[in-house]
Every structure is written in structure tokens, then in C-alpha cells.
Amino acid sequence: MKPEIKFGFLSGILLICWTLIQYILGFHTTNLALGHYSSYFVFFFFFFSLFLGLREKEIDYNGHFSLRKGIRSGLFQLIITSAPASFFLFIYAYKINPFWVERLIVWQRENNTNLAVFHIIANEQNASAIILSNTEVYLCVYFLSIILVGGLFSFLISSYLLSKSKK
């Protein structure tokens with residue numbers, strides 16, 4: 001099995017499990033402050049799975065690994081990661097824990113917290129149209145953040161693997 005597929009699904013499953021752990025611990029229901037900050041932990045899953053996948057891909061290329069091949073492989077892995085994770089988050093946001101995004105926005109407004117790009121947009125004074133569609137906006141930003149942040153990680157990890165192999 002290709003490393004992109006294997007580690008993409010692994011990372012997607014880890015993201016799904018982390019969302020469920022946050023729900024069980026009340027981070028999306030009663031303790032939104034911890035939920036707000038614990039969401040940043042997902043970047044560890046990206047980095048960990050991308051590192052393992054790109055390291056295995058480097059071995060597969062047998063000395064012909066390049067930055068371009070690493071980024072392409074990483075982005076492919078991220079698309080595979082984001083598909084099941086985003087699909088699950090869609091089910092989670094509408095069936096398992098409806099209105100949790102809206103509760104998070106209310107908590108954020110009450111506590112004047114603006115750390116994530118989505119929350120900065122949602123907290124604009126004239127953003128009533130965005131506020132009415134918090135869940136939809138959040139789902140789109142979630143999918144895109146996996147690709148964008150993961151793409152940056154792919155670049156960094158591929159650069160590291162290339163520099164390590166040249167030594």
C-alpha cells in the first residue's frame with residue numbers, strides 16, 4: 001500500500017478519534033475554553049503522519065527523492081486525510097453535537113478570544129451572514145486548514161529529509 005494512503009487514513013482516523021475524545025471530555029459542550037485550545041493539538045497529527053509518510057516515501061524513491069516529489073506526496077496524503085475527517089466532522093456537527101460551533105463563537109465573543117483565522121472572521125462586527133452559517137464556514141475552513149497547514153508541514157519535512165540525506 002502506498003505510504004500516502006496508509007498514513008493519510010491513519011491521520012484521518014486520529015483526527016476523528018481526537019474529535020470524539022474532545023466531545024467525551026466535554027471540550028465541545030461544557031468546557032469550551034479547553035476545547036478551543038485543544039483543537040490546536042491536531043497539528044501534531046498532521047506533522048506526525050506526514051513525517052512517517054514522507055520518510056517512507058523517501059525510502060521508496062531510493063535516492064531520487066526531491067522537494068517537489070515530497071510536497072506532491074504530502075498533499076496527496078493530506079487530501080486522503082481530509083476526506084474522512086471532514087466527512088465525519090460534517091456528521092458530528094449536524095447529528096452528534098449540533099450547534100457546538102455556534103456555542104464556541106458565543107464563548108469566544110464573551111471571552112474576547114481571537115486566535116484562529118475562522119474565529120477572527122466570525123467575530124467581525126458586521127459578519128452576521130457568516131455567523132448565521134458558522135457550521136458551514138467551519139467545515140470549509142477545517143478542510144482547507146488540513147491542506148494548507150499540512151502543505152507547509154510537507155515542505156518543511158521534505159526539506160529536512162533532503163538535507164539529512166545529503167549529509
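Rg and Dmax, both from the Cα atoms of segment 1-110 and both in Å, are 16.6, 54. Summary of packing: across the peptides 86-99, 65-78, the per-residue average of other C-beta atoms within 10 Å ranks them, highest first, as 65-78, 86-99. A compact globular protein would have a Cα radius of gyration near 2.2 N^0.38 Å; the ratio found for segment 1-43 is 1.38.
Throughout, read-outs are computed from the coordinates displayed, never taken from laboratory work. Just so it is clear, the structure is predicted and the values come from calculations on it, not from any experiment. Note that each Cβ is placed from the backbone with ideal geometry, even for glycine, and that neighbours are counted across all protein chains shown.
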